[in-house]
Amino acid sequence: MSVIRQLPLSVVNKIAAGEVIERPASVVKELLENSVDAGARRIEVMLGQGGTDLMRIADDGCGIAVEDLPLAVASHATSKIADADDLFHVGTFGFRGEALASIAEVSQLSIRSRPAASDSGYEVTVTGGMKTDIVPVGCPAGTTIEIRNLFYNTPVRRKFLRASQTEIGHCAEAFTRIALAQPAIHFTLRHNDKLLFDLPSTANWRERIAAFFGRDIEQSLIPLDNTDGDVRLFGFAADPEHSRANNRMQYLLLNGRFIRDRSLQHALGEAYRGLLLSGRFPIAFLRLEVPAEAVDVNVHPTKLEVRFADSGRIYSLLLGTIRKKFLATDLTTRVGTKAASEPGAEAADVTAAQEHRRALVDWAKGAIPGVRGQESGVTGQDTVGDDQGALELRFEPPKGPPLELNRLDRAWPPPPISARQHEAAEHAGRQTLKYTGVESDREAYAPRSPSSAVLQQVDSRSYLGFQVHNRYLITENDDGMVVIDQHALHERILYEQLREKVLAGQMEMQRLLVPEPVTLAPTDLAAALAARETLAKLGIEVEEFGGDTVLVSSYPAMLANLSPEEMLRQVVELLTSSHKPLERRDLLDELLHMIACKAAIKAGDHLAPEEITVLLEQRHHYQDSHHCPHGRPTALVFTREELDRRFKRT
Ligand code: ADP
Ligand code: MG
């Protein structure tokens, strides 16, 4: 008995036509959804060359009967809905009946399937939309779909495919969105015969989250559960000590389907208001259960966006639930009590092992003079509430001396300090600036063409300016009074210096004796590896380590105040926060901006008079120092005329 029906044209038209298959990841998504819809307990994904050469998805689901095989690949043929009314209470991922047909149109596709009750399996092959005969084959119960040479007959599309590393990143994200929502299903993902994920079935959603995003994130999760009438919201919001520079770690599952919803993202941002710095985004894994008829999933071809019948109610539920939970949770005391809330001893072991490894790496770093420029400490601390009395090893951020590596003494060229200034400083018993930059740096940094008039002007003064509120520098020029944003100016100057260094291939890097392992989410990993060449220009060396880990073996000396892991996470956030892939040059530029911003003195940093002098002198060496790299002005001028007018002198 056939279960797949050809939909009437009226329904076909109701289903908005859309481009479903854009890249291998779209295929992975469609096929995984089909396997979940088929009730599979185990789903194996195998990809070759980022999915562009081969994608094989095997499941142990209900299978497709031989008489349904031709319909499975026919367009607008589905077993999941029968009429237009069904569109408004869809309980499955699929219902358009067009995925297999569209995939078959642009690839070489084969389906091998056997319902558990049938003795024999059958295979159908479709090449560029042309079906071959259906032949009997021996196969296990379930369905295996194989797709080769995606877009082989649409060269334009094929040309748009990115490097295998990029495509596998997208595929892994598609895989994550589905496997994250289905912890009861055992999933595996292989790429070029390398096992990327093996996720055994679990009843505990936290375990599945941990498998994807690591123990650190998992331990920071705060459970939530709340209902409003027939709408239920549950899942986890991460402690605000964890955040991201973009909203990609916000997994919102509507009836098990990953969705993106601007309004709910906004609600989430509101819930964390005041708890995160601006520009940071919360991390959350939330499930929303809404009656199927209260939401329209047929507004987007890939169903990524949906329309709620009452979105205001869901907005308030989300905002209210998280807010209330935060108020009831003492966020500050969570740090030491993590281990106590561990579900199993096994998990605690993993954490202990990770901490141990980190401690070892930290020790190794500390043992090498100059690696950090400061000493980094590993301190033992009793874990609160841990009855085994285990030591929790915590990494303490180094406390920097007033003139640190990336402030003025190292990254800056020697200033033309005049004899008079020198004397004045010595006289005052102050320590003059030390310059430890190597000789070649000085050459590389030689000011391009400082106008000698400016320098003379500089030399003829005993001081150049002073600092107010630890953030602005006040000085004068021929026109009037100049107020300078110290961070913006330093950032601009560092940016120019860095650019010159990179162009000259002279970026200073800090090589780690023990490369630091960093675990990353699949897309982040792919992005880091895809940008490897560009990163190397900046002195950041990353290598593949296997699984979800990369090794950082060097990093820019200017970023010595970040740990290599933090540094890499910052870089990765930048790599992945842009909507479109950046050209290599733009990417380099963005990275330079980021490094300059991180390394520059901050608003709030107190500057010694010598530092102010150096900063203001440097200002004239760089042509466009009037704007920081982000485009904000570095200085405001109050003309003498303006001041006169304001003081009613004219
Ligand atoms: P839809 O999922 O929207 O129904 P598809 O083109 O993705 O459309 O699939 C067409 C039909 O093929 C499905 O309705 C289903 O009956 C069948 N099918 C596809 N994949 C599988 C699978 N892995 N196991 C069982 N049946 C499947
Ligand atoms: Mg489908």
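The values are calculated or read from the model by the stated rules, or taken from the named source; none is laboratory data. It should be emphasised that the depicted structure is a prediction, and the values quoted were computed from it without experimental measurement. All Cβ positions, glycine included, derive from the backbone under ideal geometry; neighbour counts span all protein chains shown.
Of all residues in segment 111-128, how many are among the hydroxyl-bearing types (S, T, Y), within 19 Å of A40 (Cβ to Cβ) and part of a strand (DSSP E or B)?
Matching residues across segment 111-128 total 2.
If you go through segment 64-96 one residue at a time, how many are more than 6 Å from ligand 1 (Cβ to nearest atom) and either part of a loop (DSSP other than H, G, I, E, B) or modelled with pLDDT under 80 (or both)?
Total meeting the criteria: 18.
Can you name the strands (runs of 3 or more DSSP E) wholly within segment 218-270 that have at least 2 residues being under 13 Å from F281 (Cβ atoms)? Write out each step before concluding.
On the way: elements: 221-228, 231-238, 250-254, 257-259.
In segment 218-270, the matching strands (runs of 3 or more DSSP E) lie at 231-238, 250-254.
Name every residue in segment 97-110 that is part of a strand (DSSP E or B) and either surrounded by fewer than 17 Cβ atoms within 10 Å (Cβ to Cβ) or within 12 Å of ligand 1 (Cβ to nearest atom) (or both), in order of residue number. Give the steps one after another, and end with the answer.
In the first step, residues of segment 97-110 are kept if they are part of a strand (DSSP E or B); the result is 108-110.
Hit for segment 97-110 is L109, nothing else.
For E167, state whether it is under 30 Å from A203 (Cα atoms), more than 16 Å from ligand 2 (Cβ to nearest atom) and under 33 Å from the mean Cα position of the chain (by Cα).
Criteria not met by E167.
Which strands (runs of 3 or more DSSP E) sit wholly inside segment 141-208 and have at least 2 residues that are more than 22 Å from F93 (Cβ to Cβ)?
Values: elements: 142-148, 186-191, 194-199.
It comes to 186-191, 194-199.
So, S113, is that one away from ligand 2 (no atom under 13 Å from the Cβ), within 41 Å of the chain's Cα centre (by Cα) and surrounded by 20 or more Cβ atoms within 10 Å (Cβ to Cβ) or not? Working first, answer last.
Numbers: away from ligand 2 (no atom under 13 Å from the Cβ): yes; within 41 Å of the chain's Cα centre (by Cα): yes; surrounded by 20 or more Cβ atoms within 10 Å (Cβ to Cβ): yes.
It is true that S113 is away from ligand 2 (no atom under 13 Å from the Cβ), within 41 Å of the chain's Cα centre (by Cα) and surrounded by 20 or more Cβ atoms within 10 Å (Cβ to Cβ).
Yes/no per residue for (1) under 17 Å from S107 (Cα atoms); (2) touching a helix residue (DSSP H, G or I) at 6+ places or on another chain (Cβ under 6 Å); (3) in contact (Cβ under 8 Å) with a residue 12 or more places away in the chain:
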site: R157; (1), (2), (3): yes, no, yes
site: S164; (1), (2), (3): no, yes, yes
site: P183; (1), (2), (3): no, yes, yes
site: R190; (1), (2), (3): no, no, yes
site: K194; (1), (2), (3): no, no, yes
site: S201; (1), (2), (3): no, no, yes
site: N204; (1), (2), (3): no, no, yes
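Considering E33, E44, E19, which residue is of a type in the set (D, E), surrounded by 14 or more Cβ atoms within 10 Å (Cβ to Cβ) and either away from ligand 2 (no atom under 15 Å from the Cβ) or modelled with pLDDT under 95 (or both)?
E44
Does segment 585-624 hold any residues that are hydroxyl-bearing (S, T, Y) and either within 16 Å of E573 (Cβ to Cβ) or surrounded by fewer than 22 Cβ atoms within 10 Å (Cβ to Cβ) (or both), and which are they?
In the first step, residues of segment 585-624 are kept if they are hydroxyl-bearing (S, T, Y); the result is 613, 622.
Y622 - this is the single residue of segment 585-624 that is hydroxyl-bearing (S, T, Y) and either within 16 Å of E573 (Cβ to Cβ) or surrounded by fewer than 22 Cβ atoms within 10 Å (Cβ to Cβ) (or both).
Quick test of your reading of the structure: L288 fulfils all but one of (1) outside any loop (DSSP other than H, G, I, E, B); (2) exposed (fewer than 15 other Cβ atoms within 10 Å of the Cβ). Name the failing condition by number.
(2) is the only condition that L288 fails.
Suppose the filter is more than 16 Å from S577 (Cα to Cα), touching a residue at least 24 places away in the same chain (Cβ under 8 Å), not in a loop (DSSP other than H, G, I, E, B) and not aromatic (F, W, Y); does L529 pass it? Steps first, please.
Numbers: more than 16 Å from S577 (Cα to Cα): no; touching a residue at least 24 places away in the same chain (Cβ under 8 Å): yes; not in a loop (DSSP other than H, G, I, E, B): yes; not aromatic (F, W, Y): yes.
In short, no.
Please identify the pairs in which a residue from segment 23-40 that is over 25 Å from T166 (Cβ atoms) has its Cβ atom under 9 Å from the Cβ atom of a residue that is assigned to a helix (DSSP H, G or I) and more than 11 Å from ligand 1 (Cβ to nearest atom), counting only partners at least 6 apart or on another chain.
Close Cβ pairs satisfying both conditions: V36/I178; V36/A181.
Could you grab me the full set of residues in segment 188-204 that are surrounded by 14 or more Cβ atoms within 10 Å (Cβ to Cβ) and over 23 Å from the mean Cα position of the chain (by Cα)? Lay out the reasoning, then the answer.
Taking segment 188-204 first, the residues surrounded by 14 or more Cβ atoms within 10 Å (Cβ to Cβ) are 188-192, 196-197, 199, 201-202.
Answer for segment 188-204, where residues must be surrounded by 14 or more Cβ atoms within 10 Å (Cβ to Cβ) and over 23 Å from the mean Cα position of the chain (by Cα): N192, S201, T202.
I'm trying to understand the selection: among the residues of segment 125-141, which are hydrophobic (A, V, I, L, M, F, W, C), away from ligand 2 (no atom under 16 Å from the Cβ) and surrounded by 16 or more Cβ atoms within 10 Å (Cβ to Cβ)?
Here is the first cut: in segment 125-141, the residues hydrophobic (A, V, I, L, M, F, W, C) are 126, 130, 134-135, 137, 139, 141.
From what is left, the residues that are away from ligand 2 (no atom under 16 Å from the Cβ) are 130, 134-135, 137, 139, 141.
Correct list: C139, A141.
Return the residues of segment 178-219 that are out of contact with any strand residue (DSSP E or B) (no Cβ under 6 Å at 6 or more places or on another chain) and of a type in the set (F, W, Y); say none if nothing qualifies.
Scanning segment 178-219 gives W205, F212, F213.
Looking at segment 97-110, which of its residues are touching a Leu at 6+ places or on another chain (Cβ under 8 Å), more than 30 Å from P291 (Cα to Cα) and within 15 Å of ligand 2 (Cβ to nearest atom)?
Within segment 97-110, I103, L109 meet the criteria.
Filtering segment 70-96 down to residues that are among the aliphatic types (A, V, I, L, M) and more than 15 Å from ligand 2 (Cβ to nearest atom), which residue is surrounded by the fewest Cβ atoms within 10 Å (Cβ to Cβ)?
Our first condition is that a residue be among the aliphatic types (A, V, I, L, M); within segment 70-96, this holds for 71-74, 77, 81-82, 84, 87, 90.
From what is left, the residues that are more than 15 Å from ligand 2 (Cβ to nearest atom) are 82, 84.
Working: A82: 12, A84: 14.
My answer is A82.
Look at segment 34-61 and say how many of its residues are within 15 Å of ligand 1 (Cβ to nearest atom) and not in a loop (DSSP other than H, G, I, E, B). Before the answer, list the steps.
Here is the first cut: in segment 34-61, the residues within 15 Å of ligand 1 (Cβ to nearest atom) are 34-46, 55-61.
Next, from what is left, pick out any that are not in a loop (DSSP other than H, G, I, E, B): 34-37, 42-46, 55-59.
Residues meeting the conditions: 14.
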